[in-house]
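Quick notes on the structure that follows.
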Amino acid sequence: MPHLHIKEFKEIELPSLLDGVTFDFMASNVHHLDEKLIAVKYEGEEFFLLVKEDGKRTLLKTDKLTRPASIYNVHRALLAYAKAAGLEVVASNVPDTQKNVHLQEANALKKIEYFAKNFPKDKEVRIEVGFGSGRHLLHQAAQNPDVLFIGIEIHRPSIEQVLKQIVIQKLDNVMVLDYDARLFMELVPSNLVGAIYVHFPVPWDKKPHRRVISTNFIKEARRILKVGGTLELRTDSENYYAYSYETFIDFPKISLQIHKNRDIAVSSKYEDRWKRMEKNIYDVIMTNDEVSPALEIEGDFSFPQKIKLSNEELIALHNKTIRFEGGFIHFERVYKLENGVMLRISMGSFDRPEHLYLIITDNRLSFYPELPLRSPSNLEAHKHLLKALDG
């Protein structure tokens with residue numbers, strides 16, 4: 001993770017603008033005085049820089065929850081703040097370089113709001129979950145120019161490498177998203193997708209609840225796939241294969257194909273390595289054979305003009321959890337602002353919660369850096385959040 005090891009943190013006057021980077025406000029953790037967040041805007045992205053005093057050193061880095069898709073934007077923000085505050089940098093892994101020429105031309109990276117507001121429906125869609133090096137995604141896009149491919153990945157170097165290749169190969173039918181694929185599936189229109197690829201997901205043998213393949217994921221896949229569309233799992237993990245097969249076959253009615261050591265047109269460098277090691281590769285392919293009802297989501301994330309709780313009562317919400325059927329809200333951390341309070345919360349369903357911040361200033365509320373995904377579980381959680389804020 002990009003970071004600066006600094007001798008001493010210094011505050012600057014806010015809001016402030018330097019080298020195109022806007023620093024809006026600062027939030028101080030109420031219960032951990034060694035942690036501060038600095039709100040940043042740069043090239044259309046909003047995120048926090050994190051100040052963390054760790055023993056004998058102080059680090060300035062990006063906040064994991066709000067970090068932007070562009071690593072370059074993080075670099076620019078870190079360097080700009082250090083310059084504005086006159087910080088003495090002891091050590092750094094942040095390069096002071098120009099943005100890669102191909103990344104300057106890249107426009108395939110989209111925010112979740114792009115899909116939430118007006119999901120592309122004018123052509124067949126195929127989705128790859130966790131595209132890694134991007135070999136399979138890019139190959140499929142090149143071979144199927146009339147199909148829109150949506151690649152979902154959270155590993156930043158992989159995202160930027162694929163964005164470069166999209167420009168180099170002049171592909172105009174690929175979109176890239178840095179988001180939780182399980183949440184993304186909830187806003188995809190029904191009966192639209194031709195294929196979903198889940199190739200070599202992390203097995204998560206010690207944390208099975210984090211696996212991509214689950215009963216809920218398969219249900220959403222069946223809903224968004226058109227008739228004849230497929231969900232394709234490819235894995236080298238015996239445990240993941242066995243777990244996934246049992247999860248698939250638990251459905252009362254389902255069409256599956258099972259393959260062992262099947263060759264496909266393109267393979268990742270990891271698959272090449274595993275084949276040299278003579279590891280077995282398993283494919284589980286589900287074919288959808290039913291038409292699903294249209295997706296209907298009702299509700300919004302609006303707030304009342306005022307809330308009843310005082311700042312002290314808002315701070316007292318720290319570490320409180322509200323549970324309801326199918327989901328929860330947890331108040332993870334509380335921060336003080338110059339003129340209000342900020343809450344870090346997790347909300348939504350138990351197996352795919354959303355993490356974000358809630359800012360309360362002058363009795364006005366807003367989510368930061370963006371609204372939650374407009375999914376049924378998040379909308380239900382929002383109703384319970386309103387009740388909690390109403391006292």
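The values are calculated or read from the model by the stated rules, or taken from the named source; none is laboratory data. For clarity, every value in this text was computed on a predicted model and none was experimentally measured. Every residue, glycine among them, receives a Cβ derived from its backbone with ideal geometry; neighbour counts consider all protein chains shown.
Structure above, values below:
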item	result
Criterion (under 20 Å from the mean Cα position of the chain (by Cα) and more than 23 Å from L356 (Cα to Cα)) met by exactly one of Q161, Q165	Q161
Residue among V167, V202 that alone is part of a loop (DSSP other than H, G, I, E, B) and modelled with pLDDT under 95	V202
Some residue of region 56-76 being modelled with pLDDT under 90 and in a strand (DSSP E or B)	yes
Options P189, P208: the member that is assigned by TED's automatic domain parsing to the domain that holds Y240, in contact (Cβ under 8 Å) with a residue 60 or more places away in the chain and within 25 Å of L356 (Cα to Cα)	P189
Residue ID - surrounded by the most Cβ atoms within 10 Å (Cβ to Cβ), chosen from residues in region 287-315 that are of a type in the set (G, A, S) and under 19 Å from H382 (Cα atoms)	G299
Residue list for region 13-27, filter: over 21 Å from Y72 (Cβ atoms) and crowded, with 16+ Cβ neighbours inside 10 Å	F25, M26, A27
Residue in region 32-51 that is at pLDDT below 95, more than 24 Å from E338 (Cβ to Cβ) and either outside any strand (DSSP E or B) or in the same structural domain as M185 (by TED's automatic domain parsing) (or both) present	yes
Region 265-289 - residue that is free of Cβ contacts under 8 Å to residues at least 40 places away in the same chain and within 29 Å of the chain's Cα centre (by Cα) and, of those, nearest to L137 (Cα to Cα)	D272
Evaluation of Y240 against (1) in contact (Cβ under 8 Å) with a residue 60 or more places away in the chain; (2) in contact with a Pro (Cβ under 6 Å, 6 or more places away or on another chain); (3) aromatic (F, W, Y) (one fails), failing number	(1)
